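Worksheet: the structure to be examined is printed underneath.
We did not get these values from a lab; they are worked out from the coordinates using the rules stated. The shown structure was predicted, so the numbers you read here are calculated from the model rather than taken from an experiment. Don't worry about glycine lacking a Cβ; one is built from the backbone with ideal geometry, like all the others, and counts go over all protein chains shown.
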Amino acid sequence: MNQKIKIHTRLLLAQAGSYDNVEKSIAEFVDNSLDSAEELRDDSLNYKRPIKIEVDFQGSTKKTSQITIKDNCVGMDREELVRICTEVGNSKKKNQSFSNGQFGFGIFSFSEFFEEITIQSKNEESTYANQVTISKSSLENNKEIKFEKINKLTFNNSNSGTIIILREYSKRNWKNVNKDKLVKFLSQHFERLLGSKGLEIVIRDKNGQEILTPHNYDNFDGVSLVEKSDSLPKMELYKVKKGQANALIGGSTVENMECYIKVVKSRNLAEKPFFIAIKGRRIGNVKDAISNTKLLDMAIWSSPYLTGYFDLGSFAQPDISRTKIKAGDSKKSIIEYLKRKEKDIKELLDDRNKLNEDKSWNDTASKINDILKDMTKEYNVYFSELSGSKGDEPGSGGNEGGARIRKGDKKIKVKKKVPTNGQGDGDGTGGTGDQGDNDFSDDISKPKKSNLQIQFTGLKTNYKTNPRTGEPYEVASDLTADGKLIFWTQHPDFQERVKVRKGGKFITQRLATFLGTRIAVHFLDKYFQKGSRNIDYSIYQLEDNGNFILKFEDHMQSLIRKNINSIGKDES
């Protein structure tokens, strides 16, 4: 005896559980409307009439909650409505190159978030509309569903189209379901379709409405690489076979494909990462859509400076989750194409990374110069005390009168009309010296400019001659005549003290010590040279050098383990 396999409705509930957010479920119904609208395109792929899809939020509580999705597309007759609700897994759209539906599971996704769905639909040939209501409990108990006719007044739509009504939100917080979240999700998911002339998608709630608009990549300043299947430079895909030369794929197989790649000036990862689309619908970023990415350089495809899309048209199909490309020859050809693009993209990214790294080091130099400005106040006070103390040298001998002397047995008094410097043994008392000259201001109320300015450069390191050995050596830092201490970021001593990991370069404690050591020499040297009339060299100067390094490290702690790309943003 032969029997057909029957699908229990509990399987539909299990499949609905794969939808992890309500926006994804609502997108299924908007997607169905877009599939229906594809039948209204002419040979030039323009819509024959304006297409409108409306989503309305209603109700303030879970019990009164309702979302309505309404379109003016082709609509369905009774037979078609019955079929989509009862023949699950056999969508007629799976063989249509223009539509996205594959299995017919989408309408049952409602059961993960709502207690009930009502579908009303009518096509142009029908004199009445048809309606069906499916509850979550009817699926749980595998009950029959009822289809019924409704008149045009009850239908409340145009001559043709479909209305979906989702009732009684079943999750915890209805307030978390809102217009703004849905606008963001649909704008990303249908980005490639929103630019279609004559298409309008409107989202409404009690606070107003928003019409979805396509993303404008021209808003990002950068360099673009664009290839299409029907224009120059023409997109070329190959059939990949092991042990054989790749064969070029042509003809209708690769129609309606487009690859738009843009390397932008500012970091873009959170807002618009590069993604793969199928038939205008977002599948995911390269890592998620390809899944097996061992053949690709993911440092390129996940770069925060890379944006754009690769729309595969109908060349490939999504898997049942619609988040990955279905395995097969088409997927191999796509991987091979992306691999070929990596060289061009890497060159653009290297140029961009170099410019951004230079800017980030300039921002870091500004932070360090602010640190030195603060330390200048402290060291002005310190050197003011060293340089400007009162003199304590003994004064010259005092004026003494002539001494009495004895000659023979008689005392002879020597008379002097004017006192002269006596040659006796009397000592004068030393006076107090004048206030020493002070070259340093100890007024800390006003900002002080540092006597040293730090600068980083990504150019090739400089060479100098060692004055003691006469041998040339590669300098890590060098002081210019105008008081700038330049550090070469490509010098090995500098590079080995910078931590490199995904997302950028990070300042380490070792780098702070390295910078402090180099800066201390020139920072303190300027102070000692300025105060050289009153400050003699001593062992304490070496201690001063060490103390400066420790203080500089303390000031640098806010930058330790920080990505240099984020330092400039902190200032803004």
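How do 232, 559 rank when sorted from fewest to most other Cβ atoms within 10 Å of their own Cβ? Don't skip to the answer; put the middle values down first.
Numbers: 232 7, 559 19.
Listing 232, 559 from fewest to most nearby Cβ atoms yields 232, 559.
Of all the C-alpha pairs in the stretch 218-327, what % are more than 22 Å from each other?
Here the tail beyond 22 Å accounts for 37 percent of pairs.
When you count, for each residue, the other Cβ atoms within 10 Å and take the mean per peptide, how do 239-250, 190-201 rank with the highest first? Write out the running numbers ahead of the final one.
Working: 239-250: 11.1, 190-201: 17.7.
Highest mean packing first, the order is 190-201, 239-250.
Once the piece of chain linking residue 463 and residue 358 is laid out straight, how much longer is it, given 0.36 nm per residue of separation minus the C-alpha distance between them? Before the final figure, lay out the partial values.
Numbers: separation 105, 0.36 × 105 = 37.80 nm, distance 2.09 nm.
Value of the extension gain: 35.7 nm.
Using the beta-carbon distance between residue 528 and residue 61 and R0 = 56 Å, what value does 1/(1 + (r/R0)^6) give for FRET efficiency, to the nearest 0.05?
Working: r = 77 Å, r/R0 = 1.37.
E(calc), rounded to 0.05, equals 0.15.
With only Lys, Arg, Asp and Glu charged, each at its Cβ (+1 for the first two, -1 for the last two), find how big the charge dipole of the stretch 218-327 is about the Cα centre; round to the nearest 20 debye. Before the final figure, lay out the partial values.
Working: 17 positive and 12 negative charges, 89 e Å.
Once rounded to the nearest 20, the dipole reads 420 debye.
Using 1/(1 + (r/R0)^6) with R0 = 51 angstrom and r between the beta carbons of residue 202 and residue 510, what's the FRET efficiency to the nearest 0.05?
Working: r = 57 Å, r/R0 = 1.13.
Efficiency computed from Cβ-Cβ geometry: 0.35.
Which entries in the list 143/184; 181/228; 367/499 go over 26 Å, if you measure between the two C-alpha atoms of each? Please report the intermediate quantities before stating the final value.
Working: 143/184 37 Å; 181/228 32 Å; 367/499 19 Å.
Where the Cα-Cα span goes over 26 Å, the pairs concerned are 143/184; 181/228.
Compute the FRET efficiency between residue 294 and residue 475 as 1/(1 + (r/R0)^6), taking r as their Cβ-Cβ distance and R0 = 51 Å, and round to the nearest 0.05. Show your work: numbers first, answer last.
Details: r = 43 Å, r/R0 = 0.84.
FRET efficiency, residue 294 to residue 475: 0.75.
Residue separation times 0.36 nm, minus the C-alpha to C-alpha distance between residue 557 and residue 370: what's the value? Write down the numbers at each step before the final one.
Working: separation 187, 0.36 × 187 = 67.32 nm, distance 1.37 nm.
Result for the pair: 65.9 nm of gain on full extension.
With respect to the cross-link table entries 70/175; 197/272; 239/326; 265/354, which display a Cα-Cα separation exceeding 19 Å?
In this structure, 70/175; 197/272 exceed 19 Å between Cα atoms.
Which residue, chosen from 520, 483, 506, occupies the Cα position most advanced towards the positive end of the dipole of the stretch 473-527, where the dipole is computed from +1 (Lys, Arg) and -1 (Asp, Glu) charges on Cβ about the Cα centre?
506
So, counting K/R as plus one and D/E as minus one, what does the shell of residues with Cβ under 14 Å around residue 251 add up to? Working shown, then result.
On the way: positive: 234, 239; negative: 230, 236, 255.
Taking every other residue near residue 251 into account, the sum is -1.
How large is the convex hull of the C-alpha atoms of the stretch 128-204 per residue, in Å³? Present the calculation step by step, with values, prior to reporting the outcome.
Working: hull volume 11.8 nm³, N = 77.
Spelled out: Cα convex hull of the stretch 128-204, divided by residues, is 153 Å³.
Suppose each label sits 7 Å from its Cα in the direction of the beta carbon; what would the residue 45-residue 210 distance come out to in nanometres?
For the pair residue 45/residue 210, the computed spacing is 2.8 nm.
Hull surface divided by four, with the convex hull built on the Cα atoms of the stretch 9-212: how many nm²? Walk me through the intermediate numbers first.
Working: hull surface 44.9 nm².
For the stretch 9-212, the mean projected area of the Cα convex hull comes to 11.2 nm².
Beyond 13 Å, how much of the Cα-Cα pair distribution for the stretch 112-157 remains, as a whole percent?
Working: 610 of 1035 pairs.
Summing the P(r) of the stretch 112-157 above 13 Å gives 59 percent of all pairs.
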